[in-house]
Amino acid sequence: QVQVVESGGGLVQAGGSLRLSCTVSGLTSDDYAMGWFRQAPGQEREGVAAIDSDGKTLYSNSVQHRFVISLDNARNTLYLQMNNLRPEGTAMYYCGSSLPPVTLRYPDYGYWGRGIQVTVSS
């Protein structure tokens, strides 16, 4: 079965950085997309960044120029380098996988990790 596992969350002060990782096992296709989504209490889950197996990327306007998504295709490992973090970035971050094309719409993603907490203090 497909397994998705996130790591790298934690507590950071505003302006600091964190690097999230996500490993996906059990995929049978070499053509896929992976993405990071986040959800704060009382809010909808929103797309943060996504990338497909060809390297095409998408970013939300709120994180563009601060976050960088990357993918190690050989190891099926997804990364999200988060720089200049802001308090409004506090949320549970989820890693998901989907079939192409790459999107920032969470209904398009069929497999999810359990999520990791990111807390940004002011």
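The charge dipole of the chain, taken about its Cα centre with unit charges on the Cβ atoms of Lys, Arg (+1), Asp and Glu (-1) only, comes to about 340 debye. Between 76, 61, 84, the Gaussian network model of the chain with springs among Cα atoms under 10 angstrom shows the greatest mean-square fluctuation at 61. If the chain linking residue 44 and residue 88 were pulled fully straight, counting 0.36 nm for each residue of separation and taking away their Cα-Cα distance, it would gain 14.5 nm.
Could you check what % of the DSSP bridge pairs in the chain are antiparallel, to the nearest 5? Percent antiparallel among DSSP bridges in the chain is about 90. When the range 1-105 is described by a simple charge dipole with +1 on each Lys and Arg Cβ and -1 on each Asp and Glu Cβ, the residue from 84, 51, 97 located farthest towards its positive end is 84. Protein heavy-atom accessible surface, 1.4 Å probe, per residue over the chain: 54 Å². Descending by average beta-carbon neighbour count within 10 Å, the peptides 15-26, 47-58 line up as 47-58, 15-26, the highest first. Here's the picture: charge each Lys and Arg Cβ at +1 and each Asp and Glu Cβ at -1 in the range 29-122, and of 62, 40, 111 the one pushed furthest to the positive end of that dipole is 40.
The values are calculated or read from the model by the stated rules, or taken from the named source; none is laboratory data. Just so it is clear, the structure is predicted and the values come from calculations on it, not from any experiment. Don't worry about glycine lacking a Cβ; one is built from the backbone with ideal geometry, like all the others, and counts go over all protein chains shown. Remember, those area values only see protein heavy atoms, side chains included, never the ligands or the DNA or RNA. Shrake-Rupley method; radii C 1.70, N 1.55, O 1.52, S 1.80 Å.
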